[in-house]
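The values are calculated or read from the model by the stated rules, or taken from the named source; none is laboratory data. Note that the coordinates shown come from a computational prediction; the quantities given were computed from them, not determined experimentally. Methodologically, a virtual Cβ is constructed for each residue, glycine included, from the backbone with ideal geometry; neighbour enumeration extends over all protein chains shown.
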Amino acid sequence: MIHIKNFLSKLTRLLIEKNISALLANTKQGLFLIEPEDLGVGGILIRKGSYGNDEIKLILSLINKKSSVLFIGAHIGALVILVSRVCLNHHRY
């Protein structure tokens, strides 16, 4: 599976002009600049328009305005963006 993702990532780069560094995705979670080769979170955001809906629902049910939330390995922040709208004390690393 990893070999297929690597191949698709390289193929995507070949099909897109060299001068394009990122694609702008307008998602339910906000605007994201995504590397064309990103077939993980970025690819899901591009294809589906959102990422981690179940995780977001769970997190939002557990926090409020006064909560402190720490995200480790936030990648491009797909989950952090929505949480930051509710929780004013948040950090990502």
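Values computed for the structure shown
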read-out: Inter-residue pairs, beta-carbon under 7 Å, first assigned by TED's automatic domain parsing to the domain that holds Leu14 and in the stretch 33-47, second outside any helix (DSSP H, G or I) and among the hydroxyl-bearing types (Ser, Thr, Tyr), 6+ apart; value: Val41/Tyr51; Ile44/Tyr51; Leu45/Thr27; Leu45/Tyr51
read-out: Subset of the stretch 34-75 [outside any helix (DSSP H, G or I) and of a type in the set (Ser, Thr, Tyr)]; value: Ser50, Tyr51, Ser67, Ser68
read-out: Positions within the stretch 23-65 being surrounded by fewer than 18 Cβ atoms within 10 Å (Cβ to Cβ), of a type in the set (A, V, I, L, M) and under 14 Å from Ser84 (Cα atoms), in sequence order; value: Leu60, Leu62, Ile63
read-out: Residue under evaluation Ser68, criteria (1) surrounded by 16 or more Cβ atoms within 10 Å (Cβ to Cβ); (2) touching a strand residue (DSSP E or B) at 6+ places or on another chain (Cβ under 7 Å), criterion not met; value: (1)
read-out: The stretch 15-33, residues that are β-branched (Val, Ile, Thr) and either on the phi > 0 side of the Ramachandran plot or in a helix (DSSP H, G or I) (or both); value: none
read-out: Unique residue being over 19 Å from the mean Cα position of the chain (by Cα), among the hydrophobic types (A, V, I, L, M, F, W, C) and modelled with pLDDT of 85 or more when the list is Ile4, Ile59, Ile63, Ile46; value: Ile63
